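Written out below as structure tokens is the structure these notes cover.
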Amino acid sequence: DDKFKYITLITQLYPEENKNRLNEIVRSIQYNINNPEISEIILLVETSNDQKLQKYKTLFYNCDKVNFVIDEKRLTYSQAITYAKIHNNPESIYLLSNNDCFFTKDISLIKKVDMANGKRMLCFTRKDLTKDNIIIPAVETGVSRPDYKFSTEFEINASEKVIEKKFIDLTSQDAWAFSLDYSPTFECDIPLGTFNCEAGFTIDNHISGIELFNLIKYCSCIHIHSTNLRRSSAIDDHSFFNAIFK
């Protein structure tokens with residue numbers, strides 16, 4: 001039986017100057033808007049005024065269930081949890097996601113999970129959507145290599161990665177789900193989309209006694225990032241060490 005009536009998605013739209021990369025982000029958010037299993041979307045728009053907000057709104061259609069919110073900084077875990085508290089719907093499970101990922105109808109399964117009075121956290125390791133619109137296990141990006149080309153569009157040979165079985169593992173997640181009564185006791189003011197942010201968040205949840213379940217087998221979290229465009233700022237202030245990699 002469903003334990004929750006609704007799914008509320010929390011994600012962010014930030015200024016992206018590269019049009020191809022922006023199109024990937026907008027496409028992903030629009031797919032989530034179109035998903036009938038997602039009841040409401042809290043879309044935090046990184047901008048400074050209402051005029052710019054109105055411009056960003058024109059990127060989307062059928063937005064009745066989207067709550068556009070001005071926010072002048074990059075979304076963090078703690079901020080997302082705060083917005084869930086403000087939203088304050090105990091009948092909803094809250095889904096926090098990187099903005100270049102979308103969910104299929106099987107996301108409805110998270111409504112059936114007993115969240116143990118806020119003591120459980122759901123995680124989602126992504127899959128990749130190729131340029132040919134084929135869904136594959138997410139391949140390694142090579143972002144930790146010293147020769148990675150930041151601020152540049154380039155193509156990764158996904159077929160080669162699949163043959164060599166160079167996939168990301170369960171320690172990498174792009175989305176999380178929690179109930180309204182989830183209240184972390186640790187500092188989690190970590191911006192989403194920064195290198196190994198999920199590792200730090202996951203480790204601290206585990207240490208503080210939160211049960212973690214990765215639902216990659218049951219719910220598809222699909223990543224659109226064929227441009228492979230990434231900014232070096234995503235790793236500048238973050239360690240490459242992932243303590244739960246093994």
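The values are calculated or read from the model by the stated rules, or taken from the named source; none is laboratory data. Fair warning: this is a prediction, and the values are worked out from it, not measured in the lab. Glycine also receives a Cβ, built like all others from the backbone with ideal geometry; neighbour counts cover every protein chain displayed. For the accessible areas, the whole protein counts, side chains as well, though only heavy atoms, and no ligand, DNA or RNA atoms are used. Shrake-Rupley method; radii C 1.70, N 1.55, O 1.52, S 1.80 Å.
Residues that are closer than 20 Å to ASN32 by Cα and either of a type in the set (Ser, Thr, Tyr) or modelled with pLDDT under 95 (or both) were ranked within segment 78-97; the one that is farthest from the chain's Cα centre (by Cα) is SER92. Residues in segment 1-27 that are hydrophobic (A, V, I, L, M, F, W, C) and closer than 30 Å to LEU109 by Cβ: PHE4, ILE7, LEU9, ILE10, LEU13, ILE25, VAL26.
Could you tell me whether SER39 is touching a Cys at 6+ places or on another chain (Cβ under 8 Å) and modelled with pLDDT of 95 or more? No: the conditions fail for SER39. Filtering segment 12-36 to residues that are under 20 Å from SER220 (Cα atoms), of a type outside the set (Val, Ile, Thr) and crowded, with 18+ Cβ neighbours inside 10 Å leaves GLN12, GLU24, SER28, ASN32, ASN35. For segment 163-236, which fully contained strands (runs of 3 or more DSSP E) count at least 1 residues that are open to solvent by 50 Å² or more (accessible area, probe 1.4 Å) and in contact (Cβ under 8 Å) with a residue 12 or more places away in the chain? The qualifying strands (runs of 3 or more DSSP E) are 211-214.
So, ILE163, is that one modelled with pLDDT under 85, over 28 Å from ASN18 (Cβ atoms) and more than 17 Å from the chain's Cα centre (by Cα) or not? Give the steps one after another, and end with the answer.
Working: modelled with pLDDT under 85: yes; over 28 Å from ASN18 (Cβ atoms): yes; more than 17 Å from the chain's Cα centre (by Cα): yes.
It is true that ILE163 is modelled with pLDDT under 85, over 28 Å from ASN18 (Cβ atoms) and more than 17 Å from the chain's Cα centre (by Cα).
Only one entry in LEU44, LEU75, LEU53, LEU9 is at pLDDT below 95, buried (at least 19 other Cβ atoms within 10 Å of the Cβ), at negative phi and aliphatic (A, V, I, L, M), namely LEU75.
So the check is Cβ under 7 Å with 6+ separation or different chains; which pairs have a first residue in segment 123-148 that's farther than 11 Å from HIS223 by Cβ and a second one that's of a type in the set (Ser, Thr, Tyr)? Every condition considered, the pairs that remain are CYS123/THR202; LYS131/SER226; GLY142/TYR148.
Can you confirm whether LEU13 is under 22 Å from THR227 (Cβ atoms) and among the aliphatic types (A, V, I, L, M)? When the stated conditions are applied, LEU13 passes them.
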